[in-house]
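J.: After the structure tokens below, expect a handful of questions from me.
The values are calculated or read from the model by the stated rules, or taken from the named source; none is laboratory data. No experiment lies behind these values; they were computed from the predicted model shown. Because the Cβ atoms are built from the backbone with ideal geometry, glycine has one as well, and the counts that use them run over all protein chains shown. With ligands, DNA and RNA removed, areas are computed over all heavy atoms of the protein, side chains included. Shrake-Rupley method; radii C 1.70, N 1.55, O 1.52, S 1.80 Å.
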Amino acid sequence: MSNIAEMSEADAWKLMKEAADERDVGDFKEALKILSKANPKLTYVDIEAECRRRDLDIHLIGLKKDVDAAYTNTNLQGDVAQTYTVGFFFSSKCPRPILMPNWPKDAHENEARLADAGIPLERGVIVCGNCGEAGHGRKACEKDREAPEAMKVICALCNEEGHRVRDCTQERKKPRAPRACKICESGDHLAADCPDKPKMICHKCEQEGHRSSECEKYLVPLPFRLPTILTITVNPSSDAPTVKSSATNGRIALSPRIGPRSSVAVSQPCPPSSPRSGSS
């Protein structure tokens, strides 16, 4: 109790009210300890009745709960071995179906339970790891030792116990089938080497064996030296076409369709004697 703050009973109730308004169960429990130190005669029954009178949003519920042998339910007056465990909830109604078997039927039963309830605290005694009783250790236990369960070895091939896959006598599963061609489903080759693979057809010249981007019919290869490109604009309203020249590099694609007003790019290599190309 030395680590619990010393305050008046009225101030402790104020802290409990603030904790209940903020729905902070942890602060509510700490304030309850301060209240119990300020007034040691208060029981859980008295505190729950006062909480209802003050209309606090936290309820004290007496629960049926199994307590480990190393712990014991202790009430505010220090009495041990209490039957029920005090729980803190935001409603008197059971919040979860799993708690229904341990929940009191009504307020009268809850009041009776709180009179014989407490908080689980450590007993400070040794608990036997063999029989689970308190007061002695495993070495001093007079009861028969329970043999620990051996680890089960299960074969991943036949799912039987007692051996591993390497010692299994059953026939091994067949290996995975090799990859097959997605076109003819043959296992001798893949789709890239399939003789039944659809032939590649150019969309420009409609010939087989190459793509339209690789079509040599509509691509004019340029020499290594920088060429001069002549752009000829044909205008039906004019007697003479307009010719412009510019330097470029790469391969020039010629469109197979030329309308009444079109621009055609023609590659013309530079003269061997000129080091650089210029505008003509």
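J.: Only one of (1) exposed (fewer than 13 other Cβ atoms within 10 Å of the Cβ); (2) assigned to a loop (DSSP other than H, G, I, E, B); (3) at pLDDT 80 or above is not met by Arg166, so which one is it?
T.: (2)
J.: What tally of residues in the stretch 100-131 results from selecting those that are assigned to a loop (DSSP other than H, G, I, E, B), touching a Ser or Thr at 6+ places or on another chain (Cβ under 6 Å) and open to solvent by 80 Å² or more (accessible area, probe 1.4 Å)?
T.: 1
J.: Return the pairs, sorted by first residue and then second, in which the second residue is in a helix (DSSP H, G or I), the first residue lies in the stretch 10-27 and is touching a residue at least 60 places away in the same chain (Cβ under 8 Å), the beta carbons are less than 8 Å apart, and the residues are 6+ apart or on different chains.
T.: As it stands, the answer is Val25/Ala19, since those pairs meet every condition given.
J.: Show the residue pairs meeting these rules: Cβ distance below 8 Å; 6+ apart or different chains; first residue within the stretch 202-227 and at pLDDT below 80 and among the β-branched types (Val, Ile, Thr); second residue open to solvent by 90 Å² or more (accessible area, probe 1.4 Å) and part of a loop (DSSP other than H, G, I, E, B).
T.: That search, which allows pairs on different chains as well, returns Val220/Arg251.
J.: Then there is this: Take Cys181 and tell me if it is at pLDDT 80 or above, surrounded by 14 or more Cβ atoms within 10 Å (Cβ to Cβ) and under 30 Å from Ala150 (Cβ atoms).
T.: no
J.: On to the next question. Among the candidates Leu114, Leu35, single out the residue that is over 38 Å from the mean Cα position of the chain (by Cα), of a type in the set (A, V, I, L, M, F, W, C) and within 30 Å of Ile126 (Cα to Cα).
T.: Leu114 is the lone residue from the list that is over 38 Å from the mean Cα position of the chain (by Cα), of a type in the set (A, V, I, L, M, F, W, C) and within 30 Å of Ile126 (Cα to Cα).
J.: Same structure, new question: Would you say Lys33 is in contact (Cβ under 8 Å) with a residue 12 or more places away in the chain and out of contact with any Ser or Thr (no Cβ under 7 Å at 6 or more places or on another chain)?
T.: Yes; evaluated as a whole, the condition is true for this residue.
J.: Of all residues in the stretch 132-157, how many are part of a strand (DSSP E or B) and more than 30 Å from Glu122 (Cβ to Cβ)?
T.: Final tally of qualifying residues: 1.
J.: In the stretch 72-99, what residues are within 24 Å of Lys41 (Cα to Cα), surrounded by fewer than 17 Cβ atoms within 10 Å (Cβ to Cβ) and not small (Gly, Ala, Ser)?
T.: Result: Gln77, Asp79, Val80, Thr83, Phe88.
J.: Continuing with this model, one more query. Out of the residues in the stretch 45-71 that are under 27 Å from His136 (Cβ atoms) and either of a type outside the set (Val, Ile, Thr) or free of Cβ contacts under 8 Å to residues at least 24 places away in the same chain (or both), state the one that is most open to solvent (accessible area, probe 1.4 Å).
T.: Filtering first and then ranking leaves Asp66.
J.: While we're looking at this one, here's another question. Any idea which of (1) modelled with pLDDT under 80; (2) assigned to a loop (DSSP other than H, G, I, E, B); (3) open to solvent by less than 100 Å² (accessible area, probe 1.4 Å) is the one Ser245 doesn't satisfy?
T.: (2)
J.: Now for a separate question. Taking Leu60 as meeting all but one of (1) within 42 Å of the chain's Cα centre (by Cα); (2) not in a strand (DSSP E or B); (3) not basic (Lys, Arg), write down the number of the exception.
T.: For Leu60, the failing item is (2).
J.: So Ala5 ticks every box in (1) open to solvent by less than 60 Å² (accessible area, probe 1.4 Å); (2) in a helix (DSSP H, G or I); (3) farther than 30 Å from Cys131 by Cβ; (4) in contact (Cβ under 8 Å) with a residue 12 or more places away in the chain but one. Which box is left unticked?
T.: (2)
J.: Quick one: would you say Ile4 is among the β-branched types (Val, Ile, Thr) and farther than 20 Å from Ala117 by Cα?
T.: yes
J.: Right, here's the next one. When you look at Ile47, is it touching a Cys at 6+ places or on another chain (Cβ under 8 Å) and over 30 Å from Ala134 (Cα atoms), yes or no?
T.: no
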